[in-house]
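The values are calculated or read from the model by the stated rules, or taken from the named source; none is laboratory data. Bear in mind the structure is a predicted one, so any value in this text is a computation, not a measurement. Glycine gets a Cβ as well: all are built from the backbone with ideal geometry, and neighbour counts include every protein chain shown. Ligands, DNA and RNA are excluded from the accessible area calculation, which covers all protein heavy atoms including side chains. Shrake-Rupley method; radii C 1.70, N 1.55, O 1.52, S 1.80 Å.
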Amino acid sequence: MREPARTSRRSVLVSRPLLLILAAIACLGVVGTWSAPAASAHSRLVSSDPENGASLSAGPQAVTLTFNEPIQSAYAVVNVVGPDNHFWQSGEPVVDGKDVRVAVGELGPTGEYTINYRVTSADGHVISGQRTFELTVAGNGRPGALADDSATFENDGTPVWYYIVGAVVVLAIGLGIVFWLTRRSKSS
């Protein structure tokens, strides 16, 4: 009677590195797909009134930002900071589909005014950035509160914590596979 073929220890050792490599590639593929930007583009600012970098002899009555897609009305923030580092907008921003508008009081000193915005697109993605315009003739307006560092918004792109979580997940899966293969080879 013939005995069943036994797997040699050498063949188990040869297949383990192959399995580890395949598992690592699969994990990286999952994390790469998860952290990659979606195929559909997020909302983006397409225009502003006043236009970015415009020179104005009189301040606008309102600032309007137009996006390529509708914007959520919740959490919209738009402020206008003057060269004196004071706020010059009046009231809260109003969202109307693709447009976000905030009223602006009469402006004061000449110089560069910065429009800071942070809005949420329909898909939940936060969009933030800045536009500027220059006032060439001083107005008689009264400034609002002094702007602090939280008044400026920069679009920082993808948060670093996505990559940290992804690395932890890959490490945990990789360690799990190594422990599983080690236990499997010891029981054979």
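A few points about this structure:
- Converting phi to 3J(HN,Hα) with the Karplus coefficients 6.51, -1.76 and 1.60 and the offset θ = phi - 60°, segment 121-135 yields 6, 4, 8, x, 6, 7, 10, 9, x, 9, 9, 10, 8, 10, 9 Hz in sequence order, with x at every glycine or proline.
- Solvent accessible area, Å² - L146, 1.4 Å probe, full protein context: 110
- Packing here is the average count of other Cβ atoms within 10 Å per residue, and on that basis the peptides 123-133, 101-111, highest first, run 101-111, 123-133.
- Efficiency of FRET from Cβ geometry, A103 and D148, R₀ 25 Å, rounded to 0.05: 0.70
- Percentage relative contact order, segment 49-147, counting C-alpha pairs under 8 Å, at least six apart: 36
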